[in-house]
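A.B. asks: Sharing a structure below in structure tokens format, with a few things to ask.
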Amino acid sequence: MATEVKIKEIFESIQGESPFVGTKQLFIRFCGCNLNCDYCDTNFDAKDAVSYTAESLVKKIQNNYDLKRIHSVSLTGGEPLLHAQFINEFVHFLPDIKIYLETNATLTDELLNVKDKIDIISADIKLPSSAGKDTFDLHDKFLENCNGIYTFAKIVFDKNITDEEIKTCANLGEKHNIVLILQPKMDGNKMSVDNDFCQNILNKFLNIYPNTRLIPQVHKFLNLR
Ligand code: SF4
């Protein structure tokens with residue numbers, strides 16, 4: 001029997017984070033998450049979500065969106081890798097479009113289940129000072145297994161970021177040879193830290209790992225989802 005999952009929302013928008021900022025994407029938000037970050041403001045509960053099989057979800061998006069103008073389909077959440085089996089089935093029906101996985105980078109076994117279906121990985125590296133938990137070892141193992149796929153890591157920070165965290169993240173970036181994207185935590189539509197603080201944090205990263213960029217959440221400045 002085909003796997004069914006609950007999808008919280010499907011929408012077209014502009015990617016507002018990452019090296020792919022500005023690209024048009026179709027976002028598919030999965031329900032549920034295995035983490036519980038202090039700063040999480042995403043509604044991914046199953047209330048009001050709609051159940052789909054892989055085939056019915058593909059039909060839904062083919063009937064409602066012009067995929068020719070879409071750069072990629074973003075699988076987001078919650079944590080989409082909680083639904084690895086479904087992702088395998090879903091992507092099978094969509095061979096001609098790039099698949100962009102937004103993940104908290106902690107579920108390595110699940111990644112290995114879908115790896116050959118994914119084109120781009122946006123992996124979060126969570127900071128204990130802002131997310132409230134230490135998941136560095138899980139990120140290290142996850143990133144070790146992203147080889148062969150274009151991968152970058154996003155680091156949400158606030159005023160509590162420590163020098164030790166900066167060193168750990170920069171070392172992870174260097175070890176796995178990936179772009180690091182520093183993203184100031186937002187309070188509503190405003191950055192929670194000022195420009196000088198951001199520059200200072202970026203410089204500290206650059207002193208250790210030059211392949212680091214600072215990109216605020218552009219979609220919030222544009223008033224987009
Ligand atoms: S991993 Fe993402 S979706 Fe899950 S709790 Fe943390 S911020 Fe929220």
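Readers should treat all values here as calculations from the given coordinates under stated rules, not as data from a laboratory. This structure is a prediction, so every number in the text was calculated from the model and none was measured. Neighbour counts are summed over all protein chains in view; Cβ atoms, including those assigned to glycine, are modelled from backbone coordinates with ideal geometry.
A.B. asks: What dipole magnitude, in Debye to the nearest 20, does region 120-161 give about its Cα centre under +1 on Lys/Arg Cβ and -1 on Asp/Glu Cβ?
C.D. replies: Using only the charged Cβ atoms, the result is roughly 140 debye.
A.B. asks: Give the percent of DSSP beta bridges with both residues in the chain that are antiparallel, rounded to the nearest 5.
C.D. replies: Given both bridge residues lie in the chain, the antiparallel proportion sits at roughly 30 percent.
A.B. asks: Less than 13 Å Cβ to Cβ from ASN36, Lys/Arg counted +1 and Asp/Glu -1: what total charge do the surrounding residues give? Intermediate results must be reported in sequence, preceding the final value.
C.D. replies: Numbers: positive: LYS126, LYS133; negative: ASP38, ASP41, ASP45, GLU79.
Within the 13 Å Cβ shell, the charges total -2.
A.B. asks: Now a separate question. Would you mind working out the magnitude of the charge dipole of region 4-221 relative to its Cα centre, with +1 at each Lys and Arg C-beta and -1 at each Asp and Glu C-beta, to the nearest 20 Debye?
C.D. replies: About 540 debye.
A.B. asks: Starting at the first residue of region 211-225, write each ³J(HN,Hα) from the Karplus equation 6.51 cos²θ - 1.76 cosθ + 1.60 with θ = phi - 60°, in whole Hz, x for Gly and Pro.
C.D. replies: After applying 6.51 cos²θ - 1.76 cosθ + 1.60, I find 7, 10, 10, 10, 9, x, 6, 4, 4, 6, 5, 8, 6, 10, 6 Hz.
A.B. asks: Suppose R0 equals 35 Å. What FRET efficiency, 1/(1 + (r/R0)^6) with r the Cβ-Cβ distance, do ASN200 and GLU12 give to the nearest 0.05? Can you show the working numbers first?
C.D. replies: Values: r = 37 Å, r/R0 = 1.05.
Efficiency, from the Cβ-Cβ distance: 0.45.
A.B. asks: Within 10 Å of each residue's Cβ, count the other Cβ atoms and sort ASP119, ASP194 from fewest upward.
C.D. replies: Starting with the residue having the fewest Cβ neighbours, the order is ASP194, ASP119.
A.B. asks: Please list the non-local residues whose amide H lies under 5 Å from the amide H of PHE27, H modeled 1.01 Å from N, same-chain partners needing a gap of 5 or more.
C.D. replies: So PHE27 has HN proximity to PHE11, GLU12, SER13, SER74.
A.B. asks: Please list the non-local residues whose amide H lies under 5 Å from the amide H of LYS98, H modeled 1.01 Å from N, same-chain partners needing a gap of 5 or more.
C.D. replies: Residues meeting the amide H criterion: VAL73.
A.B. asks: Sticking with this structure for a sec: Most exposed first by the Cβ proxy, i.e. fewest other Cβ within 10 Å, how do LYS185, LYS47, LYS190 rank? The partial results should precede the final answer.
C.D. replies: Working: LYS185 21, LYS47 8, LYS190 11.
Final ranking by Cβ density, sparse to dense: LYS47, LYS190, LYS185.
A.B. asks: Additional query: As an exercise, identify the chymotrypsin sites (Phe, Trp or Tyr not before Pro) in region 105-202 lying in DSSP coil whose Cβ has no more than 15 other Cβ atoms within 10 Å.
C.D. replies: none
A.B. asks: Between region 122-195 and region 1-32, how many Å separate their Cα centres?
C.D. replies: 21 Å
A.B. asks: Under Stokes-Einstein, with the Kirkwood radius over Cα pairs standing in for Rh, what whole-number D in µm²/s applies to region 80-125 at 25 °C and 0.890 mPa s?
C.D. replies: It comes out at roughly 230 µm²/s.
A.B. asks: Further question: For LEU214, list long-range residues whose amide hydrogen, built 1.01 Å from N in the peptide plane, is under 5 Å from its own amide hydrogen.
C.D. replies: LEU182
A.B. asks: Another question, then. For GLY16, what charge total do you get from the other residues with a beta carbon under 11 Å from its beta carbon, if Lys and Arg give +1 and Asp and Glu give -1?
C.D. replies: Combined, the nearby Lys, Arg, Asp and Glu give +1.
A.B. asks: Given 37 °C and 0.692 mPa s, how large is the Stokes-Einstein diffusion coefficient of the chain in µm²/s, with Rh as the Kirkwood radius over Cα pairs?
C.D. replies: The estimated diffusion coefficient comes to 183 µm²/s.
A.B. asks: Order by neighbour count: PHE44, PHE221, fewest other Cβ atoms within 10 Å first, most last. Walk me through the intermediate numbers first.
C.D. replies: Working: PHE44 20, PHE221 13.
Ranked by crowding around the Cβ, least crowded first: PHE221, PHE44.
A.B. asks: May I ask for the net charge around THR53, where only other residues with Cβ less than 10 Å from the Cβ of THR53 are counted and Lys, Arg are +1 while Asp, Glu are -1?
C.D. replies: Local charge sum for THR53: -2.
A.B. asks: With contacts defined as alpha carbon pairs under 8 Å and 6 or more residues apart, what's the relative contact order of region 4-221 in percent? Display every interim value, and only then the final one.
C.D. replies: Numbers: 423 pairs, mean separation 37.3, N = 218.
Answer for region 4-221 is 17 percent.
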